[in-house]
Amino acid sequence: MSDLVTTSILAVFITILAAGVGVFLLDKQQGPDRRRRATEIVTGTVKAITQPFVRSRRGKPLAKLILVDSAGVPGLPSMIPLRENGTIKIGRDPDLVGVALNDQRVSRLHCRITDDASGGFRVWDEGSASGTSVNDEDVLMQGTVLRPGDLLAIGPIEYRFEVDSQDGTVKSDTEPMQRTQRRS
């Protein structure tokens, strides 16, 4: 059994124990001050136990998509930030996505970009009609890992993937990938 699993099981046990103590202290015959204090104890215990498992953003670079080709569509975001521990959905319908691209050639829910376990970012096509590609290669069912300088086409709209390093500099290829054939 790995250390993480053992530690997680121990953390759950301690949390349940703390909740039991809190319930004991919440006896209905006790006053509201006692209940408030018991709630504080349980909340503090849970925070103390779970805090070591919260991943910090400091050790992991953030990334962004920079608009390269708007395909004549006005009002597109020139930069889309990609955050650690997150998933960003991109498409046309603002009720379904976090980033809306107002173009009929972009599906309502076109693609999503996730922060994967290896520390990078992966793009997934969500069954879009006009497709999602990275460097002119279609994004397949298993998704495609994004690398600095990659050109991401969301339908006809192109963004360049860049990673911000810990020292604040941007990692990207000096020359973005050249398109061999323009998609229509």
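The values are calculated or read from the model by the stated rules, or taken from the named source; none is laboratory data. Bear in mind the structure is a predicted one, so any value in this text is a computation, not a measurement. Here Cβ is always computed from backbone atoms with ideal geometry, including for glycine, and neighbour counts include all displayed protein chains. These area figures cover heavy atoms from the full protein model, side chains too; ligands, DNA and RNA do not enter into them. Shrake-Rupley method; radii C 1.70, N 1.55, O 1.52, S 1.80 Å.
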* Largest first, how would M79, M141 line up by accessible area (1.4 Å probe)? -> M141, M79
* Using 0.36 nm per residue, how much length does the chain from D93 to S8 gain when fully extended, once their Cα-Cα distance is taken away? -> 26.7 nm
* At what distance in nm do the modelled label points of S78 and R108 sit from each other, each positioned 7 Å from its Cα along Cα→Cβ? -> 3.2 nm
* Structure fact -> The FRET efficiency for D138 and I16, from their Cβ-Cβ distance with R0 = 45 Å and rounded to 0.05, is 0.40
* Structure fact -> Here, trypsin sites (Lys or Arg not before Pro) of the range 77-164 satisfying both criteria (DSSP loop; at most 16 other Cβ within 10 Å) are R83, R108
